[in-house]
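J.: Mind having a look at this structure? Questions to follow.
The values are calculated or read from the model by the stated rules, or taken from the named source; none is laboratory data. This is a predicted model, so every value here is computed, not measured. When we count neighbours, we look across all protein chains shown, and the Cβ atoms used for this are built from the backbone with ideal geometry, even at glycine.
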Amino acid sequence: MSISVATWNINSVRLRLPMVQEFLANHQPDVLCLQEIKCQNDQFPAKAFAESGYQYHAVNGQKSYHGVAIVSRLPLLESDTREFCKMGDARHVSAIVEAPFGKTRIHNFYIPAGGDEANIEINPKFKHKMDFLSELQDWFDEDDFDNEQIIVGDFNIAPHENDVWSHKQLLKVVSHTPLETDTLNALQARRNWVDVVRKHIPHEERLYSWWSYRSKDWNASNKGRRLDHIWATPDIAGHSSQTVVLRDARGWGLKPSDHVPIISHFG
DNA sequence: ATGGCGGATCTTATCCGA
């Protein structure tokens, strides 16, 4: 008995619905967490996912931007959303699944990108990102935050040197600045979160989950960043057996997402 | 040149992402 959880920033779920369905058919994760669905709740293609065998959904949509969803072939219990920074953004949804090792809450996050300038004084988007991380840390510190959890999503931070194509050249680029990586590392230490991607693919190996659309040839230049993550509390991470990053997905179809799916197996 | 692209919507222009 095992359970598999996938995360994928899909950059419009309506545009790339056939691609997601093909992914589900080929890889059959039990749970798929999507970010940047870019639609409202009533526009979410729930029926299409149900016909693909994924009949359980927890959706936190928003018009045009952001938006997150969990689709599952296992029942989703007690789904919930949380608002951060009083922005009205749809950047979080969670639900409980019955895993072989017990009931487990899965959180799906879309952390703000942060704009261009890594300076909270002059860049409101960067301030939003840092404030979001601060609120997240406060939440993790609360006593009622369960100990058995998985968190996934587009964190928009590449924390380690081998999570970017050039550590040196990206030190001042939002997503890899020391302020962001230190903050994310502190956040990770808060609940002893285990990075289950790096548990199976060690830091010595370069690993990316995002490649810019603006690159002429993403595959040849390979200037990516590891922005997408799957973390688990220690007990659950102890059950994790494998993680796959589907690099090839960056080249799927004529219009791929700029992020690729990551799948972790537990149990 | 990673960011000379690609989403959605305010659509033939604009805002946003990273």
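J.: Taking residue A:165 as meeting all but one of (1) closer than 29 Å to residue A:38 by Cα; (2) out of contact with any helix residue (DSSP H, G or I) (no Cβ under 9 Å at 6 or more places or on another chain); (3) within 11 Å of DNA strand B (Cβ to nearest atom), write down the number of the exception.
T.: (2)
J.: Let me ask something else. Kindly provide the set of residues from the range A:195-213 that are among the hydrophobic types (A, V, I, L, M, F, W, C), over 19 Å from residue A:133 (Cβ atoms) and either modelled with pLDDT under 95 or not in a helix (DSSP H, G or I) (or both), ordered by number.
T.: A:201, A:207, A:211
J.: Residue A:150 - would you say it is in contact (Cβ under 8 Å) with a residue 24 or more places away in the chain, away from DNA strand B (no atom under 16 Å from the Cβ), under 28 Å from residue A:203 (Cβ atoms) and not basic (Lys, Arg)?
T.: Answer is yes for this residue.
J.: Mind telling me which of the residues A:80, A:89 ends up being more than 16 Å from DNA strand B (Cβ to nearest atom) and of a type in the set (D, E, K, R)?
T.: Just a single option satisfies the conditions, and that option is A:80.
J.: Scan the range A:110-144 for residues that are within 22 Å of the chain's Cα centre (by Cα), outside any loop (DSSP other than H, G, I, E, B) and within 15 Å of DNA strand B (Cβ to nearest atom) and report the count.
T.: 10
J.: Looking at the range A:219-244, which of the residues that are of a type in the set (A, V, I, L, M) and surrounded by fewer than 19 Cβ atoms within 10 Å (Cβ to Cβ) is modelled with the lowest pLDDT?
T.: In this case the residue turns out to be A:220.
J.: Does residue A:158 meet the test of being outside any helix (DSSP H, G or I), within 11 Å of DNA strand B (Cβ to nearest atom), closer than 25 Å to residue A:10 by Cβ and touching a strand residue (DSSP E or B) at 6+ places or on another chain (Cβ under 7 Å)?
T.: yes
J.: Please specify each residue of the range A:25-49 satisfying the condition of being more than 14 Å from DNA strand B (Cβ to nearest atom), surrounded by fewer than 18 Cβ atoms within 10 Å (Cβ to Cβ) and either under 25 Å from residue A:244 (Cβ atoms) or polar (S, T, N, Q) (or both).
T.: A:25, A:26, A:27, A:28, A:48
J.: Also, I was wondering about something else. Determine, yes or no, whether residue A:216 is within 13 Å of DNA strand B (Cβ to nearest atom), assigned to a loop (DSSP other than H, G, I, E, B), loosely packed, with under 13 Cβ neighbours inside 10 Å and touching a residue at least 12 places away in the same chain (Cβ under 8 Å).
T.: The answer is no for residue A:216.
J.: Just give me the residues in the range A:94-108 being buried (at least 18 other Cβ atoms within 10 Å of the Cβ) and without any contact (Cβ under 8 Å) to a residue 60 or more places away in the chain, in sequence order.
T.: If the condition is that a residue be buried (at least 18 other Cβ atoms within 10 Å of the Cβ) and without any contact (Cβ under 8 Å) to a residue 60 or more places away in the chain, then A:94, A:95, A:96, A:105, A:107 are the ones that fit.
J.: If you don't mind, another one. Please enumerate the residues belonging to the range A:228-245 that are within 15 Å of DNA strand B (Cβ to nearest atom) and touching a His at 6+ places or on another chain (Cβ under 7 Å).
T.: Of everything in the range A:228-245, just one residue is within 15 Å of DNA strand B (Cβ to nearest atom) and touching a His at 6+ places or on another chain (Cβ under 7 Å), namely A:228.
J.: How do the pairs read when you match residues in the range A:250-267 that are at pLDDT 95 or above and of a type in the set (D, E, K, R) with residues anywhere that are assigned to a helix (DSSP H, G or I) and within 11 Å of DNA strand B (Cβ to nearest atom), using Cβ under 9 Å and keeping only pairs 6 or more apart or on different chains?
T.: Within 9 Å, the pairs are A:250/A:218; A:255/A:19; A:258/A:218.
J.: Only one of (1) away from DNA strand B (no atom under 16 Å from the Cβ); (2) more than 19 Å from the chain's Cα centre (by Cα) fails for residue A:255. Which number is that?
T.: (1)
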